[in-house]
Amino acid sequence: MHDLLIRNGTIVDGSGSEAFVGDVALAGGVITSVLPAGGDGDTVTVARRVVDAEGHLVLPGWVDIHTHYDGQATWDPEMTPSSWHGVTTAVFGNCGVGFAPVAAGSQDYLINLMEGVEDIPGSVLAEGIDFCWESYPEYLDALEVMPRVMDIAGQLAHGALRFYVMGERGADHAEVPDGDELDRLERLTAEALEAGALGVTTSRTTKHRAADGRLTPSLSARDPELAALARGMRRAGAGVLQVNSDFGDDEFALMRGAAELAGRPLSALLVQMDAWPDRWRETLAHIHAANADGVAANGQVGCRPIGVLLGLDATVNPFGNHPAYRRVAHLSTPERASLLRSDATLRRALIEDRPDDGYTRWIDYALARTHEFGDDLDYEPHPDTSITARAEASGISRWELVLDLLAAGDGRDLLLYTFENYSGGSLDNVAEMLADPHTICGIGDAGAHVGTICDAAYPTFLLTHWSRDRTRGRRFPLEFLVNKQTRRTALAYGLADRGLLAPGHKADINIVDFDALGLTRPRVVHDLPAGGKRLEQRSVGYRHTFVSGVEVAADGEFTGERPGRLIRGARPQP
């Protein structure tokens, strides 16, 4: 007897092969058969439950390998926002930040680092995490206790490891680990991987700073320290080496050397930065060269601009540094919006008498790349629609236009600043990244940047924008996009049991009404520990989501089932 039979759906199986209409049967948490309609195989007719998926897509559950749920996974069994978007496997511990190992008394530093690098309020983390562990294996043990709506997996963060081994010296870039410390780095790396970490992650970008302004601890690590991590990986025979770097000078060669020493795959974030708009192509060329030389490497890419959302309640408020605004900041959002529309004296001060400081200058610069974010949720806005361009065309101050847009209605509207991946004013460069055979989908940063960036919804956007809705350039077949976000991401981290609708594979499945599939407008909510705020963006069109054959969500609502578990010990092939 089968547990579930999904009938008459349009099956996009994750392999990249052409979609077909057919049935999927499953039992005991795994897929037992996938049969095309009218095929020659044995037809499944009996199951405890039958779901008619006619007119709907049947897809593998999304595998998101770049999240930052390191803290949230200890308190939130529903793993939102990812679970609103069909994600059935989430991997965190990316970019060299995490919460294990941790010595007694050093929790505040790790919170400070995560707050600065990933924009998760320290008060949220301090209240939400109980730090009932010290070692990385103990952290995994703590994660394993809680059932969830999805499977999770962790990676060992270089920043946390360095601080644990070196103490306060670990946050000082003038310091290097001595011989004993290098031995500990190697041993603890192997220990974490042998306990089930999927990788080791490091940050090599000057964009990453702790909340107190200090650069991320792993930024200046050189050959001896990276070699210690690599030897630990080689010793364990496991793990992916993941890096977020500006990739200047010899950076890629340094990380490739570490991956070669480890004998493990390298996964590098691939992002277009305005300061070096073509550097991503140079990095991608290095990735191609590494693979040609037998060193497994991939680039993690996004699918929309990395967009900072500006608003009266968002972390980035264009007027947040203005003394006149601060005098009304205590009011409710609708009350503030009303005043910003009606109080001529307040408006004049905000528009004409702005503070002359770095924050104002940054916002002033950003407005040339900032757009009204309306009901159409345009993530590929034309440069002519920027705040600066519109204001110049209308003969008004751009600050007046920003004020009018943010003060409209109840004051909860947002603006989209296309921060990265948008130097040319379109997503053509992103299309080039997505099309490359050596890239995988990532960098949605789910669980992070909670008040500024709202990209956890990217699997839903990937499907809708790039196969159905894009009007300004190239689109991709559904089969290609599904493969990119399921089987490709799964195999990159050694998760060979999922991301594919085929017999013997894990029964993680989404049934999607593709015509209705879409996103809601982002909004600010206060639902984190300590009343912390975050930007929330939900989806429509996911009819059913199954994890290990158990339905966890139906039509946007959780069922209360929590079959998700901690993944341990995957072995991606180098």
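Among the residues of segment 326-343, the ones that are free of Cβ contacts under 8 Å to residues at least 40 places away in the same chain and open to solvent by 60 Å² or more (accessible area, probe 1.4 Å) come to 5 in all. Taking the criterion of being more than 22 Å from R222 (Cα to Cα), part of a loop (DSSP other than H, G, I, E, B), in contact (Cβ under 8 Å) with a residue 12 or more places away in the chain and open to solvent by 20 Å² or more (accessible area, probe 1.4 Å), the residues of segment 246-290 that qualify are V271, D274, P277. For segment 509-536, taking the residues that are in a loop (DSSP other than H, G, I, E, B) and within 20 Å of W75 (Cα to Cα), the one that is most open to solvent (accessible area, probe 1.4 Å) is identified as H526.
Note on segment 247-264: residues that are within 18 Å of L198 (Cβ to Cβ) and among the charged types (D, E, K, R) total 1. Has segment 312-325 got any residue that is surrounded by fewer than 21 Cβ atoms within 10 Å (Cβ to Cβ), within 28 Å of V430 (Cβ to Cβ) and touching a helix residue (DSSP H, G or I) at 6+ places or on another chain (Cβ under 7 Å)? No, every residue in segment 312-325 fails to be surrounded by fewer than 21 Cβ atoms within 10 Å (Cβ to Cβ), within 28 Å of V430 (Cβ to Cβ) and touching a helix residue (DSSP H, G or I) at 6+ places or on another chain (Cβ under 7 Å).
Taking the criterion of being under 20 Å from L519 (Cα atoms) and hydrophobic (A, V, I, L, M, F, W, C), the residues of segment 379-423 that qualify are L414, L415, L416.
Taking the criterion of being touching a residue at least 12 places away in the same chain (Cβ under 8 Å), surrounded by fewer than 23 Cβ atoms within 10 Å (Cβ to Cβ) and either part of a loop (DSSP other than H, G, I, E, B) or touching a Lys or Arg at 6+ places or on another chain (Cβ under 8 Å) (or both), the residues of segment 472-494 that qualify are R472, G473, R474, F476, G494.
Has segment 69-80 got any residue that is at pLDDT 95 or above and touching a His at 6+ places or on another chain (Cβ under 7 Å)? No: zero hits. The strands (runs of 3 or more DSSP E) found wholly in segment 344-462 and carrying at least 1 residues that are closer than 30 Å to R475 by Cβ, modelled with pLDDT of 95 or more and open to solvent by 10 Å² or more (accessible area, probe 1.4 Å) occupy 370-373, 414-420.
Among residues that are of a type in the set (A, V, I, L, M, F, W, C), without any contact (Cβ under 8 Å) to a residue 24 or more places away in the chain and open to solvent by less than 10 Å² (accessible area, probe 1.4 Å), A73 is not included.
The values are calculated or read from the model by the stated rules, or taken from the named source; none is laboratory data. Just so it is clear, the structure is predicted and the values come from calculations on it, not from any experiment. Methodologically, a virtual Cβ is constructed for each residue, glycine included, from the backbone with ideal geometry; neighbour enumeration extends over all protein chains shown. Ligands, DNA and RNA are excluded from the accessible area calculation, which covers all protein heavy atoms including side chains. Shrake-Rupley method; radii C 1.70, N 1.55, O 1.52, S 1.80 Å.
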